[in-house]
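> Dropping the structure in here first, questions after.
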Amino acid sequence: MKFKALLFDKDGTLLEFHKMWLNVSRGASEQVKAFSDSHQGNQTVTVTELLLAIGVEGDVVDNYGLLASNPVEDTAIAWFKMLEPSVSLTEFTQVTKAAFNNQVEENPEWVEALPGVTEKLTSLKQQGMYLGVATADTKDSTVYTLEQSGLSELFDYVGYSDGDIEPKPAPALLNAFCEQCGIEPHEVIMFGDTVSDMEFGRNAGAKNVGVLTGTANHAELEPIADLVIHSVANFDPQEFNELI
């Protein structure tokens, strides 16, 4: 077999994205706005404007927006510039990350693996594949959601963007996966639901499979993915080996 390892984005690829992150972003933006208001921030900025700044408009999430593709630190920077509270960016970032983490941990019912994903990952693991996660989410939220969804024990590597490693689409997380498992980037297939995920895999020298269970559509993923499928649950490693 050409490939020894599979690396997955988390939300929108393994876990249901829209119900969870629409709710989380709304709750977190309200919490951060209240904090800003109590620290001499710009009170004319609305929660709706904060959400628009990270790519959330009503029930639609922009595939290229901060919520879909970037770590929480980038959301904190965007909101800090808009709100201008009388605190440091460091403190504001800590408050923003805590707001997102709290929303996730206080609402476990929002966390669920996508249909068929658990069974597919179990089968791939039994076939001897190394499995990993590379997400833009924080450490606390990543650990919690993987445990809550029942997927955590399946992975040989869990990488997250929490300020201590360069986030996707830089190749650092995929390189760390390879180092931990003793493999090379060309032996990895990266799965994701965003253009950023596909750029990440390509930047690292891996093959890419785009999935349609998250924020991007087929037309957005096809130019940069080696294959686009509906879901991780539909992946057939033998067919992919024959295709590539």
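The values are calculated or read from the model by the stated rules, or taken from the named source; none is laboratory data. Remember, predicted model here, so these are calculated numbers, not experimental data. All Cβ positions, glycine included, derive from the backbone under ideal geometry; neighbour counts span all protein chains shown. Accessible surface areas use protein heavy atoms only, side chains included; no ligands, DNA or RNA. Shrake-Rupley method; radii C 1.70, N 1.55, O 1.52, S 1.80 Å.
> Pairs only if they're at least six apart or on different chains, beta carbon under 6 angstrom, first in the stretch 26-51 and farther than 13 Å from TRP79 by Cα and touching a residue at least 24 places away in the same chain (Cβ under 8 Å), second of a type in the set (A, V, I, L, M) and in a loop (DSSP other than H, G, I, E, B); list them, first residue then second.
HIS39/VAL87
> Out of VAL158, VAL195, VAL228, VAL211, I need the residue that is touching an Asp or Glu at 6+ places or on another chain (Cβ under 9 Å), open to solvent by 20 Å² or more (accessible area, probe 1.4 Å) and in the same structural domain as ASP11 (by the TED database). Which one? Walk me through how you get there before you give the answer.
Values: VAL158 fails: touching an Asp or Glu at 6+ places or on another chain (Cβ under 9 Å); VAL195 fails: open to solvent by 20 Å² or more (accessible area, probe 1.4 Å); VAL211 fails: open to solvent by 20 Å² or more (accessible area, probe 1.4 Å).
Step by step, each of VAL158, VAL195, VAL228, VAL211 is checked, and only VAL228 is touching an Asp or Glu at 6+ places or on another chain (Cβ under 9 Å), open to solvent by 20 Å² or more (accessible area, probe 1.4 Å) and in the same structural domain as ASP11 (by the TED database).
> Something else: Regarding THR48, is this residue modelled with pLDDT of 95 or more and crowded, with 18+ Cβ neighbours inside 10 Å? Give the derivation first.
Working: modelled with pLDDT of 95 or more: yes; crowded, with 18+ Cβ neighbours inside 10 Å: no.
Judged against the criteria, THR48 is not a match.
> In addition: Which fully enclosed strands (runs of 3 or more DSSP E) of the stretch 184-244 have 1 or more residues being farther than 20 Å from TYR130 by Cβ and out of contact with any Pro (no Cβ under 7 Å at 6 or more places or on another chain)?
Values: elements: 188-192, 207-211, 227-229.
By residue number, 207-211, 227-229.
> If we keep just the residues of the stretch 64-89 that are among the β-branched types (Val, Ile, Thr) and over 11 Å from the mean Cα position of the chain (by Cα), which is least open to solvent (accessible area, probe 1.4 Å)?
Here is the first cut: in the stretch 64-89, the ones among the β-branched types (Val, Ile, Thr) are 72, 75, 77, 87.
Still in the running and over 11 Å from the mean Cα position of the chain (by Cα): 75, 77, 87.
Numbers: THR75: 5, ILE77: 67, VAL87: 22 Å².
Ranking the qualifying residues of the stretch 64-89, first place goes to THR75.
> Here are the criteria: (1) touching a residue at least 12 places away in the same chain (Cβ under 8 Å); (2) more than 30 Å from VAL32 (Cα to Cα). Tell me which single one GLU153 does not satisfy.
The single condition GLU153 does not satisfy is (1).
> Of everything in the stretch 124-155 that's of a type in the set (S, T, N, Q) and farther than 21 Å from VAL111 by Cβ, which residue is most open to solvent (accessible area, probe 1.4 Å)?
Ranking the qualifying residues of the stretch 124-155, first place goes to GLN126.
> Being in contact (Cβ under 8 Å) with a residue 60 or more places away in the chain and either in contact with a Gly (Cβ under 8 Å, 6 or more places away or on another chain) or not assigned by the TED database to the domain that holds PHE200 (or both): is that true of GLY55 here?
Values: in contact (Cβ under 8 Å) with a residue 60 or more places away in the chain: no; either in contact with a Gly (Cβ under 8 Å, 6 or more places away or on another chain) or not assigned by the TED database to the domain that holds PHE200 (or both): yes.
So GLY55 does not fit the description; no.
> Then there is this: Looking at SER36, SER29 in this structure, which one is at pLDDT 95 or above, assigned to a helix (DSSP H, G or I) and closer than 30 Å to LEU151 by Cβ?
Working: SER36 fails: closer than 30 Å to LEU151 by Cβ.
Exactly one residue qualifies, and that residue is SER29.
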